[in-house]
Amino acid sequence: MTTNCIKFTSADIETAKGVGSISTLTFDLDITVEPVASANPMAPTHRVLGRSPRGKLVECGGIWKKQNKETGADYYTLTIRDHGFNANLGKAANQDDLSLQAVIPWGPKDAA
């Protein structure tokens, strides 16, 4: 699998499971994402699970569905808590497969 991508089981990302990997200069994670069923509009759409040093799946972040304030278009963001890693999900370069989402990092929020 390509690094910094998540392959979902279908193009309907909101309800699909997925697997992928995220690599930076400071960490390298194989991840599994599982949909979350919640009536809370602030809840994540997915739990992000990584592997502990002993190989156990551990929840390490989440994926949230958001809406662009200017265009109203839906998009997804991903956070890996222990690493302060934030990213958007988007169509992978040179791909027509909407179930393959690139993990597009963006800087951490400034501490207030």
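The values are calculated or read from the model by the stated rules, or taken from the named source; none is laboratory data. Nothing here was measured: the structure is a model prediction, and the numbers come from that model. Reconstructed Cβ throughout: ideal geometry from the backbone, glycine too, with neighbour counts over all protein chains shown. When the accessible area is computed, the model is the full protein with side chains, heavy atoms only, and any ligands, DNA or RNA have been set aside. Shrake-Rupley method; radii C 1.70, N 1.55, O 1.52, S 1.80 Å.
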Worksheet, complete the sentence: For the range 43-94, the percent of accessible surface on carbon and sulfur atoms (probe 1.4 angstrom, ligands and nucleic acids excluded) is 45
Discussion item. Per residue, how large is the accessible surface of the range 3-103? Use a 1.4 angstrom probe and give square angstrom.
Written reply: 60
Worksheet item: Suppose every K and R has +1 on its Cβ and every D and E has -1 on its Cβ; what is the size of the dipole of the chain about the Cα centre, in Debye to the nearest 20?
Response: 280
Discussion item. Ignoring trypsin sites (Lys or Arg not before Pro) that are buried or in helix or strand per DSSP, and keeping those with at most 10 other beta carbon atoms within 10 Å, what is the longest stretch of the chain between them?
Written reply: 1-53
Item to complete: Return, for the Cα atoms of the range 41-112, the radius of gyration and Dmax in Å, separated by a comma.
Response: 13.9, 45
Worksheet item: For the chain, what number of Lys pairs, 8 or more residues apart or on separate chains, have alpha-carbon atoms under 28 Å from each other?
Response: 21
Worksheet item: Hey, rough spin-label estimate for F27 and Q67, points 7 angstrom out along Cα→Cβ, what's it come to in nanometres?
Response: 3.1
Discussion item. Modelling each spin label as a point 7 Å along the Cα-to-Cβ direction, I'd like the V36/V19 distance in nm, to one decimal.
Written reply: 2.3
